Every structure is written in C-alpha cells, then in structure tokens.
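What follows is one structure encoded as structure tokens, with my remarks underneath.
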C-alpha cells in the first residue's frame, strides 16, 4: 500500500498563490500514488518527472520572487533546497533515460519526492510565509 498525501490546511502557508501551486504538486503526486498501486508507476514515471521538473522551475521562481522583497532569513536555504530538488529530478530522469524505469524506481522516486515536498513546505515555506506576513503586519 502506497502512502498517499493530500492537501490539507496543515501544509498551508497562508499565501494563496503559493498554496494553490502546492496543491498542484499534491494532486499530481496523489495521482501517481494511484498509478503505483496499480503497478503502472514505471510507465508513468518519466512523464511525472518531466512535469515536476518544469512545474518546479516555474513554481520555485514564483515563490522565490514573492519572498525576496521581505528578506526572509530562510530565503537562502529555500533556494538551496529548490536547487537540490532539481538535481534530484535530473538524476532520476537520467536513470530512466539510461536504464529505463521500473516499479522499484518509481516507488523510490515517489517516496523521495513526497518526503522532500512535505518537509520543505512544513519547515521552509511555512517559516518564510510567516516571516513575510509578519513584515506586512509591521
């Protein structure tokens, strides 16, 4: 059984545009979890990774721009983690291109990506949003 992640208020940053974009990540990964349960993950892995690569690039740029003006203390860490995410996506894509996909690789990729997403939102994105909101209130 694959652990499925769904959007909830517990991962909300309170920033509407960012939350909407995060919801898309959750929706795509939830759909992929369903593919994994049907043993269709290997067939869908490359498509997922390509989506996450390009959607991630767009989302990260949007998110980084929206917090830059507030000089959030974790902005640098945020950028580092975004870069690491992209390295991970590229490495997974290279594995798929070099030796094909497998259900094992698909499951491993899903576990890694969902872990990164949840931890990143909970530790970095929420802290940056709280800081930005406190600056607006000041």
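Available extension along the chain between residue 71 and residue 4 is 20.7 nm, counting 0.36 nm per residue and deducting the alpha carbon span.
The label point for residue 127 and the one for residue 90, both projected 7 Å from the Cα toward the Cβ, are 2.6 nm apart. Separation of the stretch 85-135 from the stretch 1-35 is 12 Å, based on Cα centroids.
Dividing the helix sum by the residues of the chain, where each DSSP H run of 4 or more adds -39500 (n - 2.57), gives a mean residue ellipticity at 222 nm of -26500 deg cm²/dmol.
Segment residue 64..residue 136, full-extension length gain: 24.2 nm, with 0.36 nm per residue of separation and the alpha-carbon distance subtracted. Assign one of three labels to the stretch 12-137, namely rounded, prolate or oblate, based on the Cα gyration tensor with a ≥ b ≥ c the square roots of its eigenvalues; rounded applies when a/c is under 1.5, prolate when it is not and a/b is larger than b/c, and oblate otherwise. Since a/c reaches 1.5 and a/b is larger than b/c, the shape of the stretch 12-137 is classed as prolate. When each of the peptides 107-113, 74-80, 3-9, 124-130 is scored by the mean number of other C-beta atoms lying within 10 Å of its residues, the order from highest to lowest reads 124-130, 107-113, 74-80, 3-9.
Residue separation of residue 23 and residue 46 scaled by 0.36 nm, minus their Cα-Cα distance, works out to 6.2 nm of gained length.
Once you keep just the Cα pairs under 8 angstrom separated by 6 or more residues, what percentage relative contact order results for the chain? Computed over the chain, the figure is 36 percent.
Here, each number is a calculation from the coordinates, and none is a lab measurement. Quick caveat, the model's predicted, so the values are computed rather than measured. With ideal geometry, Cβ positions are generated from the backbone for all residues, glycine too; neighbour counts draw on all protein chains shown.
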